[in-house]
Amino acid sequence: MKEDNRWLLGLSLDELEEMALARRSRFFSNKLDLCSIYNAKSGMCSEDCGFCAQSKFFDTGIRSYSAADMADIIEAGIRAESHGINRFSLVSSGRGLDNGFLEFLLPIYRELKEKTSLSLCASHGLLSFEQAKVLKEAGVSRYHHNLETGPNFFHKICTTHSYQERIDTIKSAMAAGLEVCSGGIIGLGESIEDVIELAETVKELGVDSFPINILTPVKGTPMGENKLLEPDYIYRLILILSIILEDISFRVAGGRTLIPYKYQKLIFSKSVDGMMVGNYLTTDGLGVDNDMILISEAELSSTLKN
């Protein structure tokens with residue numbers, strides 16, 4: 001049975017900051033886990049997730065391609081490692097991982113494993129146990145698959161697959177011996193209770209890492225006109241999430257550029273222990289150099305925790 005953490009909503013900001021900082025000091029010290037992603041397949045997705053620029057149902061003007069160049073991917077991984085980034089993930093659009101694209105990916109993961117010391121992650125949608133095993137054998141150590149939001153709100157953002165299918169993918173990855181990174185997006189129109197339920201669900205599943213994304217509204221999607229969340233709200237919510245997650249690694253990912261810089265410094269100095277560095281799937285980040293400045297100003301270390 002999941003915990004009920006709604007009592008945290010009644011705490012003051014000072015109380016939340018104190019609890020969040022104590023949590024990070026206990027489990028993660030001042031070390032920050034850095035990851036970056038590479039979009040290995042873009043657009044033409046069969047799913048109707050209402051926030052996503054890559055869905056075939058929405059006209060968003062993004063660049064679509066069926067497969068990135070292998071040499072470009074390898075170069076990106078090597079470059080990421082040279083910047084001090086310790087996790088590197090390939091991401092592909094689509095409902096799940098078909099066997100043809102899996103065969104394209106495997107030699108890339110093997111070469112990255114051979115040429116770098118990166119911890120390799122993969123994000124390829126719905127996944128079977130057999131596919132998860134093959135990815136692990138190729139050198140992947142962690143599978144990323146967001147639940148996106150709480151179970152009671154999911155049907156409002158996607159109708160082409162179910163929440164249970166996402167949970168089943170997480171369980172398949174775990175059964176194959178992969179770590180799991182699973183979180184979601186805020187700013188979809190959900191309530192704060194929905195976000196708390198998301199954190200409670202992934203905690204109950206026992207995932208290793210929780211990424212939070214802030215919606216960047218994309219014109220052409222059903223959520224393209226959503227109002228941006230207030231920075232004060234985002235900061236307070238991130239503090240609450242970090243307390244709920246306890247020893248689960250908590251990273252801020254897409255949409256961070258929507259938060260004023262002073263709030264980004266607060267977030268990293270007070271609560272989270274992970275950061276997605278560089279650009280995202282279809283939107284730009286601050287850039288690696290600026291991210292490293294932020295880490296330094298928050299008085300954190302980018303050393304790998306494990």
- Query: Based on what the data block shows, is Ala40 of a type outside the set (Asp, Glu), under 30 Å from Phe101 (Cα atoms) and touching a Leu at 6+ places or on another chain (Cβ under 7 Å)?
  - Reply: yes
- Select from the range 141-160 the residues that are without any contact (Cβ under 8 Å) to a residue 60 or more places away in the chain, assigned to a strand (DSSP E or B) and buried (at least 20 other Cβ atoms within 10 Å of the Cβ) and list them in ascending order. Tyr143
- Item | Members of the range 208-254 found to be among the polar types (S, T, N, Q) and either more than 22 Å from Met19 (Cβ to Cβ) or modelled with pLDDT under 95 (or both), listed by number | Asn213, Thr216, Thr221, Asn226
- Query: Has the range 11-22 got any residue that is within 19 Å of Met276 (Cα to Cα), charged (D, E, K, R) and not in a loop (DSSP other than H, G, I, E, B)?
  - Reply: no
- Message: Given (1) surrounded by 18 or more Cβ atoms within 10 Å (Cβ to Cβ); (2) closer than 30 Å to Ser296 by Cα, identify the lone condition not met by Glu246.
- Response: (1)
- Item | Checklist (1) at pLDDT 95 or above; (2) assigned to a helix (DSSP H, G or I) applied to Ile295, failing item | (1)
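The rows are residues; the columns are (1) among the aromatic types (Phe, Trp, Tyr); (2) outside any helix (DSSP H, G or I); (3) surrounded by fewer than 22 Cβ atoms within 10 Å (Cβ to Cβ); (4) within 18 Å of the chain's Cα centre (by Cα).
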{"residue": "Met174", "(1), (2), (3), (4)": "no, no, yes, yes"}
{"residue": "Lys203", "(1), (2), (3), (4)": "no, no, yes, yes"}
{"residue": "Gly220", "(1), (2), (3), (4)": "no, yes, yes, no"}
{"residue": "Met223", "(1), (2), (3), (4)": "no, yes, yes, no"}
{"residue": "Asn226", "(1), (2), (3), (4)": "no, yes, yes, no"}
{"residue": "Leu266", "(1), (2), (3), (4)": "no, no, yes, no"}
- Item | Residue within the range 39-55 that is in contact with an Asp or Glu (Cβ under 8 Å, 6 or more places away or on another chain), modelled with pLDDT of 95 or more and either surrounded by fewer than 21 Cβ atoms within 10 Å (Cβ to Cβ) or among the charged types (D, E, K, R) (or both) present | no
- Note on the structure: Within the range 127-140, of all residues that are surrounded by fewer than 18 Cβ atoms within 10 Å (Cβ to Cβ) and touching a residue at least 12 places away in the same chain (Cβ under 8 Å), the one nearest to Phe58 (Cα to Cα) is Ser128
- Mind checking which residues of the range 28-50 are within 21 Å of Arg166 (Cβ to Cβ) and either in contact with a Pro (Cβ under 8 Å, 6 or more places away or on another chain) or of a type in the set (Asp, Glu) (or both)? Glu47, Asp48, Gly50
- Exactly one of Lys133, Lys156, Lys113 is at pLDDT 95 or above, over 20 Å from Gly187 (Cα atoms) and out of contact with any strand residue (DSSP E or B) (no Cβ under 7 Å at 6 or more places or on another chain), and that residue is Lys133
- Query: Regarding Phe129, is this residue more than 25 Å from Val252 (Cα to Cα) and not charged (D, E, K, R)?
  - Reply: yes
- Message: Restricting to the range 53-66, name every residue that is in a loop (DSSP other than H, G, I, E, B) and on the phi < 0 side of the Ramachandran plot.
- Response: Ala53, Gln54, Lys56, Phe57, Phe58, Asp59, Thr60, Ile62, Arg63, Ser64, Ser66
- Pairs where the first residue, in the range 237-248, is closer than 15 Å to Leu9 by Cα and touching a residue at least 60 places away in the same chain (Cβ under 8 Å) and the second is surrounded by fewer than 23 Cβ atoms within 10 Å (Cβ to Cβ) and among the small types (Gly, Ala, Ser), C-beta under 7 Å, 6+ apart: Leu239/Ala20; Ser242/Ala20; Ile243/Ala20
- Within the range 87-109, which residues are over 29 Å from Phe58 (Cα atoms) and loosely packed, with under 15 Cβ neighbours inside 10 Å? Pro107
- Residue pairs within 6 Å by beta carbon, gap of at least six or interchain, first lying in the range 1-27 and closer than 14 Å to Glu246 by Cα, second outside any helix (DSSP H, G or I) and at pLDDT 95 or above, listed first then second, are Phe27/Asp247
- Message: Criterion first (assigned to a helix (DSSP H, G or I) and in contact with a helix residue (DSSP H, G or I) (Cβ under 7 Å, 6 or more places away or on another chain)) does Gly77 satisfy it?
- Response: yes
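The values are calculated or read from the model by the stated rules, or taken from the named source; none is laboratory data. If you're wondering where the values come from, they're calculated on a predicted model, not measured in any experiment. Here the Cβ is made from the backbone with ideal geometry for all residues, glycine too, and neighbour counts use every protein chain on show.
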